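Novice: I am attaching a structure below and will ask some questions about it afterwards.
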Amino acid sequence: MIFLNDPINFIAGWMRGLLTGWGLPEGLTTVIIYVIGITVLIVFAMVLDILLVWVERKVVARFQDRIGPNRIGPFGLIQPFADIIKLIIKEDLTPAGADKLLYNLGPVLAIASVIILWAILPLSEKIFGVDLNVAVLYLVAAGALGTLSIIVGGWASNNKYALLGAFRMVANMIAYEIPMVVVLLIPTILADTMSVQGITQAQSGMWFAILSPLGLIIFLISAIAELGRSPFDLNEAESEIVAGFHIEYSGMKFGLFYAGELLHAFTFGGFMAVLFFGGYGGFFGLEKIGFFSWLDNPFVQALVFLAKAMFGYWVIMWIKYSMPRIRIDHMLAFNWKFLTPLALVVLVNTAVLSKVLAGLPAWGYVLGMFLSNIVIGFITVEILRAYGRKQHKVESKLSPQNTQNQEQAV
Amino acid sequence: MTVDQIIFILCAALILGSALMVVTTGKLIHAALWLVAALFGVAILYAILQAGFLAVVQVVVYIGAIAILFIFAVMLTRREMLDKGAQTRSNWWLPALLGLLILTGLVFLIIGQPAFGRTAAEMPLGVDTLRNLGMALVSQNAFVLPFEVASILLLAALVGAVFVASGNNE
Amino acid sequence: MQNEWLYIGIFLVFGLIVPIVPLVFSRLVAPRKPNPIKQSTYECGVETVGDTWVQFKAQYYVFALVFLIFDVETVFLFPWALSLKQMPLFVVLEGVLFIGILVAGLVYAWRKGMLEWA
Amino acid sequence: MSIPLSWYLILAAALFSIGLFGVLSRKNAIAILLGVELMLNAVNVNLVAFWRYQDPAKMAGQVFAIIVFAVAAAEVAVGLALIISVYRRRKTVVADEIDLMKW
């Protein structure tokens, strides 16, 4: 029963006893236990990553009215493993003039920047890597390493398309990092902590998605941009720059970029669950009723978390396969002229209201937060509508030639 | 020699080695990437010093923003200095001498102070550094003025840089 | 505190090792028969013209610049956000003032037309 | 925490000296700014080390380190903007050739 209620500490305690029994010093024991725990966690993430390849291909097939992988194994489940074997035994080309060391460093950094996010991902109350008190900023820091991997990969390839793709991708990522960081402040303010465990537990009664729906939307948009997925995939616009920053990569190195992207999307789904949907918990107090007490079990919590993360991943896929690609000027204008100001307004609103409404009973607090978001959302939509009307008038006055000139300014 | 000290020495080797590469390497883009390595080493140092917030901020600001800006600038100005020819002045030994002089002077100063030889006390329990930092930044009898002045500094930098970079102000 | 960062450090090392393993494995089993045509820069079969270093739009730099300033600003806001619960309403206004001053910078860049991609 | 304070200070001094060497010996203006970054980081290491070794309850060291971050960001933003602006007109980033104000 102890194992079922607190598996990690149970195993760690048992191993600590075993190792110190062998006469190992305390510090070394800790390191060995850490290493084993980290290995298990990373292996879990990588196996999940392989399954995500299958999920992604199945889902995109459904969106495009196909069946998807169905030949190897039941429902094509063995397909991703076959893909990996193929990628490994493929010849790995290094273009002439490439910066060899940096060329290899690119994909390694790309996937490392995703894997390190799993160190803070709270799978359940008892199953997690580490509970940093700066976890929210750690998420941003890992994103910084991802940006670096792209610019390194794109530069080292010694290819015009790759460099152009890297430039676009980096411009995209750094632009949308601002609204993302601003929105990350909202769960921080609401939960009064930056630790992901604290944020999850603060949502046991009420999801932050309800307290700040606008924050959730902005987070989703900027997360997709950070991932470089459609509609923000102009880094790999096939019709212009072929495959963007990873154009020269082949074999397993390309596979690493691909795997990194999928795992990144899933991880962001997980963080969306943690920051806005209550993570592994958030049953609105249901778990306190005797009949539902099994919801507190770490394994059940982990399943709930993975389900929520998968939902977030599915939403990201849904958007990816439904939206056309956005143009770079629109992409930048959308961020700097719309998303960033809106994110700042939502932040100020949350900060002020969390102070003003603090004295109210719980339902008043929730209602006030929710309604204020609705009002801001409504005003935003009205401003957008007025702007759209004005723009429509201006454009109808222009001759077709002028519109063509605008099109060329990419 | 304890584990702490070994980690510190490895970290110091990373920082100083990368820093030397920053100032000597020929290709500017490599210099910028070595700067990233050096700054990452400093972030590890902050983590060892139990300033977790600063460690993360170091990565976010320096690696995520400043290094990217440097790389962009190198790429924008690359044409002229195609990384050919000497990157350092012909009289590079003079600055080297000056640097060594300052270093020896500082090291003598530091070693001469017995107060600097002590090790840190254990972190007092129950002190939430992060929250203290927040309180210090906004409370009126602490650092609220630097906090607001920093925003004005950033505003001035933004306005100035945008004005200079816009280029159509002849 | 110390142990948390030790954990992160080990995690980082492993995060770097994990992707290297398949690369090394691939190196061992994959064929390697390079030739100049295979290794040439891929530009849709067209011969590469000139240096990779095409001139980039300086606009990329301006956006990176605005990003840098706002990135540092948000870093200041995290400690502020953590102090909100304990401090009076006045502190919220300090933060709002901080944000307002920087939004003035964004407005300036906007009015100056530096946020246009043209 | 068995590391003496002097280790941090010596490391910072070495980093500062290397940065100084970079600033004085480099031709390229961008490389000079890279050296300045190293020097600023050396200062920050000192600030944080003193914070940890004096009284961790007093936050002055960390606050100043954050202010240094802001200063570094401002310096890089304006400095690189100037360099790019000069580059556009004079087609050079060599600090010695940017000498119009000398005469």
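Novice: For the range A:139-178, what are the residues that are under 14 Å from the mean Cα position of the chain (by Cα) and in contact (Cβ under 8 Å) with a residue 40 or more places away in the chain?
Specialist: Passing the criteria: A:L139, A:V140, A:G143, A:G146, A:M173, A:Y176, A:E177.
Novice: Continuing with the same structure: Has the range B:71-94 got any residue that is over 21 Å from D:I84 (Cα atoms), facing another protein chain (nearest Cβ under 7 Å) and at pLDDT below 90?
Specialist: yes
Novice: If we keep just the residues of the range D:2-25 that are touching a residue at least 40 places away in the same chain (Cβ under 8 Å) and within 7 Å of chain B (Cβ to nearest Cβ), which is farthest from D:Q54 (Cα to Cα)?
Specialist: Ranking the candidates gives D:L9 first.
Novice: Let me spell it out: the conditions are (1) more than 20 Å from A:F305 (Cβ to Cβ); (2) of a type in the set (A, V, I, L, M); (3) in the same structural domain as A:S322 (by TED's automatic domain parsing), and A:I120 meets all of them except one. Which number is the exception?
Specialist: (1)
Novice: A further question follows. Please work out which residue is surrounded by the most Cβ atoms within 10 Å (Cβ to Cβ), limiting yourself to the range A:44-66 and to residues that are aromatic (F, W, Y) and under 18 Å from A:L306 (Cα atoms).
Specialist: A:W54
Novice: Looking at the range B:35-47, can you tell me whether even one residue there is under 30 Å from C:V66 (Cβ atoms), touching a residue at least 24 places away in the same chain (Cβ under 8 Å) and more than 15 Å from the chain's Cα centre (by Cα)?
Specialist: No, because not a single residue in the range B:35-47 is under 30 Å from C:V66 (Cβ atoms), touching a residue at least 24 places away in the same chain (Cβ under 8 Å) and more than 15 Å from the chain's Cα centre (by Cα).
Novice: Taking the conditions exactly as written (touching a Ser or Thr at 6+ places or on another chain (Cβ under 6 Å), charged (D, E, K, R) and assigned to a helix (DSSP H, G or I)), does A:R57 satisfy them or not?
Specialist: no
Novice: So, one more: Could you pull out every one of the helices (runs of 4 or more DSSP H) wholly within the range C:31-113 that has 3 or more residues that are more than 7 Å from chain B (Cβ to nearest Cβ), within 29 Å of the chain's Cα centre (by Cα) and at pLDDT 85 or above?
Specialist: Ranges flagged: C:59-83, C:89-111.
Novice: Oh, and also: Run down A:G251, A:G279 and say which single residue is of a type outside the set (F, W, Y), within 20 Å of A:R57 (Cα to Cα) and modelled with pLDDT under 85.
Specialist: Residue meeting the stated conditions: A:G251.
Novice: Suppose we keep only residues that are assigned to a loop (DSSP other than H, G, I, E, B) and in contact with an Asp or Glu (Cβ under 9 Å, 6 or more places away or on another chain) within the range A:128-157. Which one would you say is modelled with the lowest pLDDT?
Specialist: My answer is A:S157.
Novice: Do we find that A:L87 is assigned to a helix (DSSP H, G or I), touching a residue at least 12 places away in the same chain (Cβ under 8 Å) and over 18 Å from the mean Cα position of the chain (by Cα) in this structure?
Specialist: Yes, satisfied.
The values are calculated or read from the model by the stated rules, or taken from the named source; none is laboratory data. Please read all numbers here as calculations on a predicted model, not as lab measurements. Backbone-built Cβ (ideal geometry, glycine too); neighbour counts: all protein chains shown.
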